[in-house]
1. Order 133-140, 235-242 from most to least packed using the mean count of other Cβ atoms within 10 Å.
2. Using 0.36 nm times the number of residues separating I11 and T312, minus their current alpha carbon distance, what extension gain do you get?
3. Quick one: dipole size for the range 225-324, taken about the Cα centre, charges +1 on Lys/Arg Cβ and -1 on Asp/Glu Cβ, in debye to the nearest 20.
4. Holding the Cα-Cα limit at 32 Å, pick out from K224/K304; K87/K176; K87/K333; K111/K156 the pairs that are longer than that.
5. Taking the simple approach of a point 7 Å from Cα along Cα-to-Cβ for both E222 and A237, what is their distance in nm?
6. Starting from the 7 Å offset along Cα-to-Cβ, what nm value, one decimal, do you get for the label separation of E278 and E86?
7. Please pull out the direction-averaged projected area of the range 209-255, using the convex hull of its alpha-carbon atoms, in nm² to one decimal place.
8. How much length, in nm to one decimal, is gained on full extension between D142 and N340, taken as 0.36 nm per residue of separation minus their Cα-Cα distance?
Amino acid sequence: MNETLAIILTIVVGLAVIGGFIPVFLKARRNSQNYTGPRDANDPAPLDGDGSAASATGTLLEDRPETIAPASEAAVEVAETAPELEKPLPVEGRLVRLRARLSKSNNALGKGLLALLARDTIDENVWEEVEETLLLADIGTDSTMELVDTLRERVKVLGTRSPEHVQAMLREELIKLVDPTMDRSLNIDRHDDRPAVLMVVGVNGVGKTTTVGKLARVLVAEDKDVLLGAADTFRAAAAEQLATWGARVGVPTVKSDVDGADPASVAFEAVKAGIDQEVDVVMIDTAGRLQNKVGLMDELGKVKRVIEKQATVDEVLLVLDATTGQNGLTQAKVFSEVVNITGIVLTKLDGTAKGGIVVAIQKTLGVPVKLIGLGEGADDLAPFDAENFVDALLS
């Protein structure tokens, strides 16, 4: 009898202990369904009992605790952890700061000419060397002959050939050749009812997208409200690259999520967004194309025509790789026939490029070089200035 009672008591105590653990187990199971992080596109918010979406905070599936922060507090936390926007360097004086890079890559032109013209005797052999030096610097045949004839006359009249006099004479003539009278300003002033629109064009690999990103920094430094249009829909990751450049300085980018989307449509939507948002400048990045591919060039013309259905294209910048030398002239001629180039951006002038290409392009097209790239840094794009450029060549 006593043994039976002991067994019954043991069973009762065991059931009581097990019953105490059941609520704890069930609660733990419910909490395992809670979300510990924010939802994304592949993790949609669950539906409430009435079929509507659950709260936007979406951190819990059920049994939402009362201690969850309100939406306003959550928003503040996000704002505090957002990356700080970069502050571009001032545009004023950029070329002066970058002069050392330019002079390092182009000193063969300036110093070579100074050494030749400062000789005690300048005979026909010296003039042939001067001519060869200018041609190797990609100045072009016509400009070379013009400069040599002028230098011949001035040296004859000058009589003395002290280094100071020769350098002053050469500086004066090179500045004339680069032509400081050309209007190198960018047409970036907003119209009364719409933004200024810039198109950036060029062949593959010259750095168009990077140039657009750097130019956005230039405009932000000048307190312009800018919007970017990623109309390069052919190159993989081009739109993301442009958006990254813009995000660094708080500039939005209009792009398509569809690979191979119509670039004219993207450009149209970008300009439309710029008008709606009342920005100052809309810049359109276009796909690289070979100048001998008629279909691609025609498509570039289409992009421009579509934009002009709602706004004028105020500036068309052709990006050229300065290291390609005279080949860049062929590209420039074809592009200018399709989209009416208004300015040139010369990239990679800090490398093996010859500074004379500036003269050759302007002489051939009558279009000014407006910007030059002198490095890979984010703020290594500078407005072109004739006098500072020549001083860098001769330094």
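Read the figures in this text as sums done on the coordinates, not as results from a lab. Quick caveat, the model's predicted, so the values are computed rather than measured. All Cβ positions, even for glycine, are placed from backbone atoms using ideal geometry, and neighbour counts span all protein chains on display.
1. Listed from highest to lowest mean packing, they are 133-140, 235-242.
2. Result for the pair: 99.4 nm of gain on full extension.
3. In debye, rounded to 20, the range 225-324 gives about 300.
4. In this structure, K87/K176; K87/K333 lie more than 32 Å apart at Cα.
5. 3.1 nm
6. 3.0 nm
7. About 2.7 nm², averaged over all directions.
8. Full extension from D142 to N340 adds 68.9 nm.
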